[in-house]
Amino acid sequence: MYRLFLAVRYLLTRPINLLGMLGILLSVWALVLVVSIFSGFLVEIERHVRSASADVSVHRLPAWASGKALEQALRDDPNVRDVAPRLVHYGMLGRPGDRPQPPPLLGRTALHGGDQPFLLVLGVDAAAEAAVTGFAGWLRAPSIPPDLRVADPTAPLAAADGTPRVLVGLERMQREGLRRGDRVLLTTGRLQGDGDGQKGLQQISLELQVAGAFKTHHGGFDGNNVFVDREVLRQALFPDRPDAVQEIAVRLHDESTLSATTDRLQRLVVRALDRGDDLARGHVQGWRDKNGQFLRSVEHQRGLLKIVLVVIMVTAAFLMLATLSMMVTEKTADIGILTAMGATPLGVLQVFLACGLTITAAGVGLGLSAGTLTSVYLEEIRRFVLWATGVDLFPLQVYNLDRVPCALEPLWLLQVAAMAFATGAVVSAWPAWRAARHDPLVSLRGT
Amino acid sequence: MNPPVLEALAVTKSYRLGRREIPVLRGVDLAIAQGERVALLGASGAGKSTLLHVLGLLDAPTSGSVRFDGRPVHALPVAERARLRHRHTGFVFQFYHLIPELTALQNVLLAGMMATSTLAWWRGRRAARAAAEALLVQVGLQDRLHHRPAELSGGERQRVAIARALLADPKVVLADEPTGNLDSATAAGVVELMFSIQQQRRLAFLLVTHNEELARRCDRIVRMQDGVVVG
């Protein structure tokens, strides 16, 4: 009983112990809050990526691949609901007569997209695309201003006055000041044989009319892609191949069997493209795999942040170690009389260990509570700070979000608590061990 | 004569200082009977306090043995020696050694908590508190129960230490110059108190002191010089 009694008394009469507790509290709080924001962000990013992706993509198709034959083969799978062939090419978009924008800075990522001149030009059949992705909804997104909306969403890429049309991401349109009906020039190129077995780059310029804006939840997709009619792009790039296809977007009946279906479709595509030479052609990927690198990079950043925050916890632990060591030094005078009254070295150790563990428990408990509360009410806190100071702690528009994302993971909370307890126990053990080894006779011989 | 409660038989104790061996006790024999009051007299460095620590099982002899109620106890495991100290031995020191964070009552109660589990303490807390209060009343501190050591005089602190030493109802009290830090008037009061309690409870009482006059009030005087008993 004396261990707990003395530990509590020692703690209550030494406000400096609050420093150690505060350190643990802050590190636990930061670990809970920051990681829950990042986890929420990851969920949001995944949702955004999902919203702009087909369930399955078939790509890396050989140049001679027949779109129709492949489409038919894919449709034979019982889980395939619909397919949409695409042409995918690079290009630059600008107003006629304008110089192209400078190339992007090295290391610039396309998280948000649209800040560099190069684009993926997707040649699609609007009706087929609408059957496999959220294409139709992207044109009707509420955030698109009326003057930038597509006039006829049922035929958004139908040529107007003989000029083919292009759909541009909303933010790119706004940033570049494009209006519906504006004329733009798509500059791209293709490799052209010269008859001597050599190939050279042939520049292609397509004059297009802006049909309007599209908007998915994925800013990177919107910024880096434009849509044109597949037939228009085919005539420009592959005039002699009426059945050309570079990618096929697939919609499934049941997404829960995505992995099994992907494997099945992969075998099917290899079979369909087999020319008897045993070469595997074509690559089938589920939406998560296709965007895996991007999603993993965000997850990796979360991992790095965890490491940084654990270092903060270690720093807090050193603060606790310092305060506990100070306390042991101050209380060595008590060790003699405790021993004389019947305490064992183990008992003395437990007194000081109890002090450290109590500080840790209080820090962990308060840190978890504070972390959970601030995570749950983060959006309200952001709004309050914005209202009170004018400072936006988390500008939502940068990440295309409606509110600050947050996902509390019970397993992570447990891990943080366990980690903090383990750290607290380790840094408490050393001063406690020092106290237990203190010779009680040194204290008893006089002060 | 009563059989001895506490005995030292041919006890030696030496400390190592670097490569040198410093002998402090050189074959001490001493026996204290139940109800006996013994004064241990000697100059500084004679080995009085070391003998008290060895007899109180706070320190182990280099050779020889310590017996409690006829049983050798000096080589018992640490936990067992701690239990014996708690159950049968009370200590009073020159510098009181009260825990500054605790009130007088809590300092006394702490002695009762030493060998008690939390649950057992919770069940018996009222009785323990009543016993501690009774002891503090007996030593004249009925108005100082909730004062901390810093708010007490030297004499009052020593009275708290005496009450603390008695809470577990020990058979032996070992007092190491208990009046060495008090003025003569206060010291006289503390001595009267200790002796009267010793008589009431028939305690085996070993008093380490420099004070000849105080020693003469004991049943027997044991003189030490250079680590040996000389008379």
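The values are calculated or read from the model by the stated rules, or taken from the named source; none is laboratory data. Everything quoted here is computed from the prediction, not taken from an experiment. Cβ: placed from backbone, ideal geometry, glycine included. Neighbour counts: every protein chain shown. When the accessible area is computed, the model is the full protein with side chains, heavy atoms only, and any ligands, DNA or RNA have been set aside. Shrake-Rupley method; radii C 1.70, N 1.55, O 1.52, S 1.80 Å.
Filtering region B:87-127 to residues that are surrounded by 16 or more Cβ atoms within 10 Å (Cβ to Cβ), modelled with pLDDT of 90 or more and in a helix (DSSP H, G or I) leaves B:His88, B:Ala104, B:Leu105, B:Gln106, B:Asn107, B:Val108, B:Leu109, B:Leu110. Residue check: A:Thr329 meets all listed conditions (1) farther than 30 Å from A:Val404 by Cβ; (2) touching a residue at least 60 places away in the same chain (Cβ under 8 Å) but one, namely (2). Could you tell me whether region A:37-52 includes any residue that is more than 14 Å from the chain's Cα centre (by Cα), open to solvent by less than 50 Å² (accessible area, probe 1.4 Å), away from chain B (no Cβ under 14 Å) and closer than 30 Å to A:Ala280 by Cβ? Scanning region A:37-52, I find at least one residue that is more than 14 Å from the chain's Cα centre (by Cα), open to solvent by less than 50 Å² (accessible area, probe 1.4 Å), away from chain B (no Cβ under 14 Å) and closer than 30 Å to A:Ala280 by Cβ, so the answer is yes.
Filtering region B:135-165 to residues that are within 18 Å of the chain's Cα centre (by Cα), within 12 Å of chain A (Cβ to nearest Cβ) and not charged (D, E, K, R) leaves B:Val160, B:Ala161, B:Ala165.
Taking (1) open to solvent by 60 Å² or more (accessible area, probe 1.4 Å); (2) without any contact (Cβ under 8 Å) to a residue 12 or more places away in the chain; (3) within 30 Å of B:Leu182 (Cα to Cα) in turn, B:His146 satisfies each apart from (2).
Pairing residues of region B:84-104 that are at positive phi with residues that are aliphatic (A, V, I, L, M), at Cβ distances under 6 Å and at least 6 apart in sequence or on separate chains, gives B:Tyr96/B:Ala161; B:His97/A:Ile337.
Pick from B:Arg16, B:Arg81: which is within 14 Å of another protein chain (Cβ to nearest Cβ) and assigned to a strand (DSSP E or B)?
Unique residue meeting the criteria: B:Arg16.
Screening A:Ala370, A:Ala333, A:Ala432 for residues that are assigned to a helix (DSSP H, G or I) and farther than 30 Å from B:Gly56 by Cα leaves exactly one candidate, A:Ala370. Within region B:21-53, the set of residues being of a type in the set (D, E, K, R) and modelled with pLDDT of 90 or more comprises B:Arg26, B:Asp29, B:Glu36, B:Arg37, B:Lys48. The residue list A:Thr329, A:Thr344, A:Thr339 contains one member that is away from chain B (no Cβ under 14 Å) and polar (S, T, N, Q), which is A:Thr329.
When A:Gly276, A:Gly286 are screened for being open to solvent by less than 80 Å² (accessible area, probe 1.4 Å), out of contact with any Lys or Arg (no Cβ under 6 Å at 6 or more places or on another chain) and without any contact (Cβ under 8 Å) to a residue 60 or more places away in the chain, only A:Gly276 passes. Apart from one condition, A:Ser297 fits all of (1) among the hydroxyl-bearing types (Ser, Thr, Tyr); (2) surrounded by 17 or more Cβ atoms within 10 Å (Cβ to Cβ); (3) closer than 30 Å to A:Val132 by Cβ; the exception is (2). Scanning region B:34-58 for residues that are surrounded by fewer than 18 Cβ atoms within 10 Å (Cβ to Cβ) and either in contact with a strand residue (DSSP E or B) (Cβ under 6 Å, 6 or more places away or on another chain) or among the aliphatic types (A, V, I, L, M) (or both) yields B:Gln34, B:Ala43. Among the candidates A:Ala420, A:Ala432, the residue that is away from chain B (no Cβ under 14 Å), open to solvent by less than 30 Å² (accessible area, probe 1.4 Å) and within 27 Å of the chain's Cα centre (by Cα) is uniquely A:Ala420. Taken over region B:159-197, the residue count meeting the criterion of being in a helix (DSSP H, G or I) and of a type in the set (A, V, I, L, M, F, W, C) is 15. Go through the residues of region A:394-407 one by one and say whether even a single one is open to solvent by 70 Å² or more (accessible area, probe 1.4 Å) and more than 35 Å from the chain's Cα centre (by Cα). No, that holds for no residue. Would you call A:Asp82 modelled with pLDDT of 90 or more, under 30 Å from A:Asp243 (Cβ atoms) and surrounded by 19 or more Cβ atoms within 10 Å (Cβ to Cβ)? Yes. Can you find even one residue in region B:44-65 that is within 29 Å of B:Gln199 (Cβ to Cβ), within 14 Å of chain A (Cβ to nearest Cβ) and β-branched (Val, Ile, Thr)? Yes, region B:44-65 contains at least one residue that is within 29 Å of B:Gln199 (Cβ to Cβ), within 14 Å of chain A (Cβ to nearest Cβ) and β-branched (Val, Ile, Thr).
Can you tell me which residue in region B:114-132 is farthest from the other protein chains (Cβ to nearest Cβ), limited to those that are of a type in the set (A, V, I, L, M, F, W, C) and touching a residue at least 12 places away in the same chain (Cβ under 8 Å)?
So the first thing to find is which residues in region B:114-132 are of a type in the set (A, V, I, L, M, F, W, C), and the list is B:114-115, B:119-122, B:127-128, B:130-132.
Right, trim to touching a residue at least 12 places away in the same chain (Cβ under 8 Å) and you get B:114-115, B:128, B:131-132.
Working: B:Met114: 4, B:Ala115: 6, B:Ala128: 10, B:Ala131: 15, B:Ala132: 13 Å.
Here the answer is B:Ala131.
Checked against (1) open to solvent by 20 Å² or more (accessible area, probe 1.4 Å); (2) within 10 Å of chain A (Cβ to nearest Cβ); (3) not small (Gly, Ala, Ser), B:Asp69 meets all criteria but (2).
Matching residues to (1) among the hydrophobic types (A, V, I, L, M, F, W, C); (2) out of contact with any helix residue (DSSP H, G or I) (no Cβ under 7 Å at 6 or more places or on another chain); (3) assigned to a helix (DSSP H, G or I):
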{"residue": "A:Arg281", "(1), (2), (3)": "no, no, no"}
{"residue": "A:Asp289", "(1), (2), (3)": "no, yes, yes"}
{"residue": "A:Glu299", "(1), (2), (3)": "no, no, yes"}
{"residue": "A:Arg302", "(1), (2), (3)": "no, no, yes"}
{"residue": "A:Lys306", "(1), (2), (3)": "no, no, yes"}
{"residue": "A:Met326", "(1), (2), (3)": "yes, yes, yes"}
{"residue": "A:Val351", "(1), (2), (3)": "yes, no, yes"}
{"residue": "A:Cys355", "(1), (2), (3)": "yes, no, yes"}
{"residue": "A:Val364", "(1), (2), (3)": "yes, no, yes"}
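Restricting attention to region B:1-30 and to residues that are farther than 24 Å from A:Leu444 by Cβ and free of Cβ contacts under 8 Å to residues at least 40 places away in the same chain, the residue that is surrounded by the most Cβ atoms within 10 Å (Cβ to Cβ) turns out to be B:Asn2.
Evaluated against (1) at pLDDT below 90; (2) in contact with a helix residue (DSSP H, G or I) (Cβ under 9 Å, 6 or more places away or on another chain); (3) not basic (Lys, Arg), A:Gly371 falls short on exactly one condition, (1).
Condition test on A:Leu346, is it among the hydrophobic types (A, V, I, L, M, F, W, C), closer than 25 Å to B:Ala168 by Cβ and in contact (Cβ under 8 Å) with a residue 24 or more places away in the chain? Against the criterion (among the hydrophobic types (A, V, I, L, M, F, W, C), closer than 25 Å to B:Ala168 by Cβ and in contact (Cβ under 8 Å) with a residue 24 or more places away in the chain), A:Leu346 qualifies. Just so you know, in region A:12-24 the residues that are assigned to a helix (DSSP H, G or I), open to solvent by 30 Å² or more (accessible area, probe 1.4 Å) and in contact (Cβ under 8 Å) with a residue 60 or more places away in the chain include one that is farthest from the other protein chains (Cβ to nearest Cβ), and it is A:Leu22.
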